[in-house]
Amino acid sequence: MIFVTLGSQKFQFNRLLIEIDKLVESGSIDEEVFAQIGYSDYKPKNYKFKEFLNRDEFAEIMDKCDKVITHGGTGAIIGAVKRGKKVIAVPRLKKFEEHVDDHQLQIIDEFEKMGFISAVKDIENLQVTISNIDIIKVKKYVSNTDKIIKSISEFINSN
């Protein structure tokens, strides 16, 4: 299952929803798709969606999916990577009035360089990326929280 999550900021991302609708309609995507569309005013015709999900609904869908298509927001990307999902990130762009600037390009570039996601900067490449996502190797998230806590603890105890 593919989970499309567009965050909760007050920006539309119709361009991504329309492209996914086209890919489902053409049969290029042949698995179940569910989208949390946020403030987008485009309503998908070929897959299920809801404007906003509560925390439990979000967690339930995230648990069921194996792939996540998301905007270039750090929270959405990190949340999916931490859960071991294959992530495709498409940046919101200023020229389409999807955000106030193009900072999401830099965010997805960095996550892709680190090996955690597949970045799609040109929406025309989404179908190919979706088709190849199962064979793309991505890094698994490994928490370093314990290491940080240990370092802080050692620092505090050494003084």
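Among the criteria (1) under 28 Å from GLY27 (Cβ atoms); (2) free of Cβ contacts under 8 Å to residues at least 24 places away in the same chain; (3) in a helix (DSSP H, G or I), the one ILE148 does not fulfil is (1). The set of residues in the stretch 56-105 being in contact with a strand residue (DSSP E or B) (Cβ under 9 Å, 6 or more places away or on another chain) and polar (S, T, N, Q) consists of THR70, GLN104. If you check ASP30, ASP21 for being among the acidic types (Asp, Glu), free of Cβ contacts under 8 Å to residues at least 40 places away in the same chain and farther than 21 Å from PRO91 by Cβ, only one passes: ASP30. Of all residues in the stretch 1-42, those satisfying the criterion of being touching a Leu at 6+ places or on another chain (Cβ under 6 Å) and not in a loop (DSSP other than H, G, I, E, B) are GLU19, GLN36. Residues satisfying the criterion are present in the stretch 109-117 (criterion: surrounded by 11 or more Cβ atoms within 10 Å (Cβ to Cβ), among the aromatic types (Phe, Trp, Tyr), outside any helix (DSSP H, G or I) and modelled with pLDDT of 90 or more). Scanning the stretch 58-66 for any residue that is under 23 Å from ASP21 (Cβ atoms), more than 9 Å from the chain's Cα centre (by Cα) and not in a helix (DSSP H, G or I) turns up at least one such residue.
Check whether at least one residue in the stretch 43-51 is assigned to a loop (DSSP other than H, G, I, E, B) and over 21 Å from GLN12 (Cβ atoms), and report yes or no. Among the residues of the stretch 43-51, not one is assigned to a loop (DSSP other than H, G, I, E, B) and over 21 Å from GLN12 (Cβ atoms), which makes the answer no.
Residues that are assigned to a loop (DSSP other than H, G, I, E, B) and surrounded by 22 or more Cβ atoms within 10 Å (Cβ to Cβ) were ranked within the stretch 92-108; the one that is modelled with the lowest pLDDT is GLU98. Look through the stretch 118-153, keep the residues that are hydroxyl-bearing (Ser, Thr, Tyr) and either surrounded by 15 or more Cβ atoms within 10 Å (Cβ to Cβ) or touching a strand residue (DSSP E or B) at 6+ places or on another chain (Cβ under 9 Å) (or both), and return whichever of them is nearest to MET1 (Cα to Cα). Here the residue is THR129. A Cβ distance below 7 Å, combined with a sequence gap of six or more or placement on separate chains, defines the contacts here; from the stretch 90-113, residues that are closer than 23 Å to GLN127 by Cβ reach residues that are aromatic (Phe, Trp, Tyr) and part of a loop (DSSP other than H, G, I, E, B) in the pairs ARG92/PHE11; ARG92/PHE13; GLU98/PHE11; GLU98/PHE13.
Taking the criterion of being at pLDDT 90 or above and charged (D, E, K, R), the residues of the stretch 118-159 that qualify are LYS121, ASP122, GLU124.
The values are calculated or read from the model by the stated rules, or taken from the named source; none is laboratory data. Just so it is clear, the model here is predicted, and its values are computed rather than measured. Positions of Cβ are generated from backbone atoms using ideal geometry, with glycine treated the same way; all protein chains shown enter the neighbour counts.
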